[in-house]
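Since the structure comes first, as structure tokens, the remarks are kept for the end.
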Amino acid sequence: MNLHSPSKDIFGLAVENYYLTKDQTPILVHHEDFFDDEIPVEYLFRSYDDMPKLEQKALDLCQGSVLDIGCCAGSHSLILKSKGHQVLPIDLSKKCIETCKKRGLEEAKRLNFFDLKSQSFDTLLLLMNGTGIARTLNELEAFFDQLKSLMHKNSQVLIDSSDLIFLFEDEVIENDKSSYYGEMIYRTSYKNQLSDPFPWLYLDFNTLKKEAEKASLECSLIFEDEHYGYLAKLNFT
């Protein structure tokens, strides 16, 4: 989960400390209905061989110029750059971008994806639950509009997510925009820093496909893992 706090640079603090001192204090992810989840910071610095097959598949499918959205510590961008891709890593976190630059990604920019204008890329890459950046189901239209503004006719979007239906096995699910089960509210913490609550969207593939097609984007299933995760490709129809 590439979760970023809107108020405190939780991921940035952890990434910077690990890069400078190998501090392995984990990032904690909090949800009022579930046990806390733990993100090992060293996982954000993983090599290609240490990445799950889903991420390896996505990196292998990247073509041409790549926009790495929510780049965090820059691990995906570094692999793509080593393969000869022109990469623009972007993230909201100041400290993550500073660490990216120290790791050799001088082109990395602290930038809100929704503020990026007047550019186009061959591949737009959104990994570690890339649908999360859309925040809610009702905001998908604006999310798709922004994606399309950064695409040319042959561009592709590689995006992953997970179907959280397994968390609600004993409940009746109403799959609509007023109560979609993949809409989560999280807080993140690191040491003595705690973020404000923020929305994060997990999408099942069928919903992603349906909503993408409403936005005139073709949606193809590329890969599924054994933990309800999947990789999808979007492109113009």
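Where a number appears in this text, it was derived from the coordinates with a stated rule and is not lab data. The model shown is predicted, which means the values in this text are computed figures rather than measured ones. As a convention, Cβ positions derive from the backbone with ideal geometry for all residues, glycine included, and neighbour counts pool all protein chains shown.
Taking the alpha-carbon distance from residue 53 and a cut-off under 24 Å, which lysines remain once sequence neighbours fewer than 8 residues away in the same chain are dropped?
Partners found: 81, 83, 209, 233.
Mind checking the full-extension length gain between residue 94 and residue 120? Use 0.36 nm per residue of separation minus the Cα-Cα distance, one decimal, nm. Display every interim value, and only then the final one.
Values: separation 26, 0.36 × 26 = 9.36 nm, distance 2.36 nm.
That works out to 7.0 nm of additional length.
Once you put a point 7 Å from the Cα of residue 47 and another 7 Å from the Cα of residue 167, both along the Cβ direction, what distance in nm separates them?
According to this spin-label approximation, the distance is 3.4 nm.
Compute, for the stretch 1-103, the length of the dipole vector about the Cα centre, with Cβ point charges of +1 (Lys, Arg) and -1 (Asp, Glu) only. Units Debye, rounded to 20.
On the way: 12 positive and 16 negative charges, 135 e Å.
Charge dipole, the stretch 1-103, about its Cα centre: 660 debye, nearest 20.
Classify the stretch 40-147 as rounded, prolate or oblate from the Cα gyration tensor: take a ≥ b ≥ c as the square roots of its eigenvalues, call it rounded if a/c is under 1.5, otherwise prolate when a/b beats b/c and oblate if not.
rounded
What does the extension gain come out to for residue 25 and residue 154, with contour length at 0.36 nm per residue minus their alpha carbon separation?
42.2 nm
Got a sec to turn the phi values of the stretch 150-165 into Karplus ³J(HN,Hα) couplings, 6.51 cos²θ - 1.76 cosθ + 1.60 with θ = phi - 60°, whole Hz, x for Gly and Pro?
9, 10, 9, 5, 10, 6, 10, 10, 10, 9, 10, 6, 9, 8, 8, 4
Determine the dipole magnitude for the stretch 182-230: charges of +1 sit on the beta-carbon of Lys and Arg, -1 on that of Asp and Glu, nothing else is charged, the reference point is the Cα centre, and the result goes in debye to the nearest 20. Provide the component values of the computation, followed by the final result.
Values: 5 positive and 9 negative charges, 57 e Å.
So the dipole magnitude of the stretch 182-230 works out to roughly 280 debye.
Only four residue types carry charge here, +1 at the Cβ of Lys and Arg and -1 at the Cβ of Asp and Glu. Report the dipole size of the chain about the Cα centre in Debye, rounded to the nearest 20.
Details: 25 positive and 39 negative charges, 278 e Å.
The dipole of the chain has a size of about 1340 debye.
What share of all Cα pairs of the chain, in percent, falls into each consecutive 5 Å distance bin?
In whole percents, the pair-distance histogram is 1, 6, 14, 19, 21, 18, 13, 6, 2, 0.
Which percent, to the nearest 5, of DSSP beta bridges fully inside the chain are antiparallel?
The antiparallel proportion sits near 65 percent.
Give, in nm to one decimal, the length gained when the segment between residue 57 and residue 213 is fully stretched (0.36 nm per residue of separation minus the Cα-Cα distance).
53.8 nm is the gain from fully extending residue 57 to residue 213.
How do 207, 237 line up, fewest other C-beta atoms within 10 Å first?
In order of increasing Cβ crowding within 10 Å: 237, 207.
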